[in-house]
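Just below is one structure, and these are the notes that go with it.
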Amino acid sequence: MDMEPKPRIFVTRRLPEPAMAILSAFGNVSLWDQVETPIPRDELLRGIAKAEGLLCLITDRIDAEVIAAAPHLRAVSVMAVGYDNIDRTALAARGITLTNTPDVLTETTADLAWALMLAAARRVVEGHRLIERGEWGPWHPMQMVGQDIYGRVLGVVGAGRIGQAVLRRGRGFGMRLLYHNRRPNPSLETELGASYRNLNDLLIESDVVVVTAPLTPETRGMFGAAQFALMKPTSIFVNVARGPLAREDDLAAALRAGRPWAAGLDVFEREPIGPDHPLLTLPNVVLTPHIGSASVATRLRMATLAAENLVAVLSGQPTPNIVK
Ligand code: GLV
């Protein structure tokens, strides 16, 4: 009896072994065999020529040109919850299924939002640097004073899974909870006690603003000079979503002017940023290199889930992670 040929799969980076094992057990796998370096464009276009399945990362731009270069493509699996790097219209035109890795990274990403919030509010990195420079003098009453988080007002913009997890943590900190979404979600009122606000009111009332909205044509640039001007001079701005939601030049100018008081950012307009980035000249920012979901357990789970999703779609099995 003839064996059915195994489906061809292309992977844009070497993933942790358990994920590679899932793919190899099912398909004929080829990959860009690097761990840290993204695949160059020409290698990507060449690599996917025969692929029925593609497993990619947020560093890969999967646009119409890439999709056109893959005439056999049936499934794309991204190891991320966000998929703004993928041209969904071009996929849909060909009937190609897209999957992502939601849920498994929700709590880990909410933890990082809180890490940035607390670090920015309490000047954790500034304090570390001060000691490093040998400038820690005698204790004095107003030394390195920051802002309280406990008991203040937390406003989340984009109250999806991650936003809700950020809000839930706020209850333990005795915070009043506000959220802004495309539309109000009454279950957030009943389950979390969070109140809906339009964006302007949320910015005016909140002591901490955490951005967890996806990047779409509607959300791109939604935080600019006019929005930062509404924030309190004691407020903290945190972005763990996508950099282009906030205009970085406007944010830098606003932080320089002291409104908001500080920012914690995990995402940037163009990543990676270098040591010459203007935000790094400001004392009131805490920056991390897009590590929202980067715990050992969560990154392993995302990699295996991305592999499982691809295998499920290529073999016609159900998966809850199809992007609709
Ligand atoms: C990371 O940014 C993700 O979307 O999972």
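Of the residues making up the stretch 27-34, none is within 28 Å of Ala213 (Cα to Cα), in contact with a helix residue (DSSP H, G or I) (Cβ under 9 Å, 6 or more places away or on another chain) and among the small types (Gly, Ala, Ser). Scanning the stretch 29-46 for residues that are touching a Lys or Arg at 6+ places or on another chain (Cβ under 9 Å) and part of a loop (DSSP other than H, G, I, E, B) yields Trp32, Asp33, Gln34, Val35, Glu36, Thr37, Pro38, Ile39.
For first residues located in the stretch 78-101 and free of Cβ contacts under 8 Å to residues at least 40 places away in the same chain and of a type in the set (A, V, I, L, M, F, W, C), partners that are more than 11 Å from the ligand (Cβ to nearest atom) and open to solvent by 60 Å² or more (accessible area, probe 1.4 Å) and lie 6+ apart or on another chain with Cβ distances below 7 Å form the pairs Ile96/Arg74.
Where strands (runs of 3 or more DSSP E) fall wholly inside the stretch 47-159, the ranges with 1 or more residues that are within 16 Å of the ligand (Cβ to nearest atom), of a type in the set (S, T, N, Q) and surrounded by 14 or more Cβ atoms within 10 Å (Cβ to Cβ) are 75-78, 97-99.
Filtered by the rule that a residue be in contact with a helix residue (DSSP H, G or I) (Cβ under 6 Å, 6 or more places away or on another chain) and surrounded by fewer than 14 Cβ atoms within 10 Å (Cβ to Cβ), the stretch 7-26 gives a lone residue, Pro18.
Would you tally the residues in the stretch 256-297 being of a type in the set (Gly, Ala, Ser) and surrounded by 18 or more Cβ atoms within 10 Å (Cβ to Cβ)?
5
Whenever a residue of the stretch 232-250 is touching a residue at least 12 places away in the same chain (Cβ under 8 Å) and more than 17 Å from Arg122 (Cα to Cα), its partners that are more than 16 Å from the ligand (Cβ to nearest atom) and open to solvent by 30 Å² or more (accessible area, probe 1.4 Å), lying with C-beta atoms within less than 8 angstrom and at least six residues away or across chains, give the pairs Leu245/Met222; Ala246/Met222; Arg247/Ala225; Glu248/Pro278; Asp249/Pro278; Asp250/Ala225.
Under the condition of being open to solvent by less than 20 Å² (accessible area, probe 1.4 Å) and of a type in the set (Gly, Ala, Ser), the residues counted in the stretch 160-179 number 3. Taken together, Arg94, Arg152, Arg123 contain a single residue that is of a type outside the set (Ser, Thr, Tyr) and closer than 23 Å to Val267 by Cβ, which is Arg123.
Do we find that Pro214 is part of a helix (DSSP H, G or I), within 14 Å of the ligand (Cβ to nearest atom) and either of a type in the set (Asp, Glu) or not assigned by TED's automatic domain parsing to the domain that holds Arg14 (or both) in this structure? Considered against the rule, which asks whether it is part of a helix (DSSP H, G or I), within 14 Å of the ligand (Cβ to nearest atom) and either of a type in the set (Asp, Glu) or not assigned by TED's automatic domain parsing to the domain that holds Arg14 (or both), Pro214 comes out as no. Restricting attention to the stretch 224-244 and to residues that are under 22 Å from the mean Cα position of the chain (by Cα) and open to solvent by 30 Å² or more (accessible area, probe 1.4 Å), the residue that is farthest from the ligand (Cβ to nearest atom) turns out to be Gln227. For the criterion of being open to solvent by 70 Å² or more (accessible area, probe 1.4 Å) and at pLDDT below 95, Glu4 passes.
The values are calculated or read from the model by the stated rules, or taken from the named source; none is laboratory data. The structure displayed is predicted, hence computed values, not measured ones. Cβ: placed from backbone, ideal geometry, glycine included. Neighbour counts: every protein chain shown. Just so you know, the surface numbers come from the protein's heavy atoms only, side chains and all, with ligands and any DNA or RNA stripped out. Shrake-Rupley method; radii C 1.70, N 1.55, O 1.52, S 1.80 Å.
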